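Below: the structure, in structure tokens.
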Amino acid sequence: MKTIKKARGLTDRQIVTTRLSTISAGKTFVGDAVTMFGNTASVGGAVYHNAGMATIEKSTFADNTAQSNGGAIYSTYDLTISGGTFVANTAGTHGGAIASSGASALLLIFGGVFEGNQASYGGAINSDNNGHVIVDSGLFSGNTAISGGAFAAFELAGAPSGEAPLVRFG
């Protein structure tokens, strides 16, 4: 498994105003103290993660936009967020900051600040299509959505149709 540290030679605290390429099969992405600012895409305004493992630590995602899902990040596989800040990201449909989707998706969040993000479903985070979610800690403030200002979950693994999804907080 190949590790890409600081994606494309990014240095700590570097501001990135162009969207990262897709994180794909057979690769591990590690982002540490990177700032992703003002990026736009149809899905995953700053990062589109569709295979492999991704770990993002102490990074900042601000003012990123996705036309549909994942204002800052759209992930269909294993994603770990450790600390960091997600501010004023916007998605047209799901997950103003992060949208996690897929039966293989595991979203782990260990701390971080999610503030002022916006989407129709899951102002900060949206998880659907049988993914798994664990939010150990974090601050969620001022996120807005039609449904689930901070968090929305649909069709999570193990949740029979019409019953509450299985999500773990703290």
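The values are calculated or read from the model by the stated rules, or taken from the named source; none is laboratory data. As the structure is a computational prediction, the values presented were derived from the model and not from experiment. Backbone-built Cβ (ideal geometry, glycine too); neighbour counts: all protein chains shown. The protein model used for the area step is the full one, side chains on, heavy atoms only, and it has no ligands, DNA or RNA in it. Shrake-Rupley method; radii C 1.70, N 1.55, O 1.52, S 1.80 Å.
Could you tell me whether Gly84 is crowded, with 23+ Cβ neighbours inside 10 Å and of a type outside the set (S, T, N, Q)?
So Gly84 fits the description; yes.
Restricting region 65-83 to residues that are part of a loop (DSSP other than H, G, I, E, B) and closer than 17 Å to Ala33 by Cα leaves a set whose member that is modelled with the highest pLDDT is Ala72. The numbered conditions (1) open to solvent by 10 Å² or more (accessible area, probe 1.4 Å); (2) more than 10 Å from Gly45 (Cα to Cα); (3) of a type outside the set (Asp, Glu) are all true for Ala124 except (1). Scanning region 84-107 for residues that are over 11 Å from the mean Cα position of the chain (by Cα) and outside any strand (DSSP E or B), we see that the one that is modelled with the lowest pLDDT is Ser104. Look at Phe110 and say whether it is modelled with pLDDT under 90 and of a type in the set (Phe, Trp, Tyr). So Phe110 fails the test.
Tallying residues that are open to solvent by 10 Å² or more (accessible area, probe 1.4 Å) and closer than 14 Å to Gly45 by Cβ within region 89-118 yields 5.
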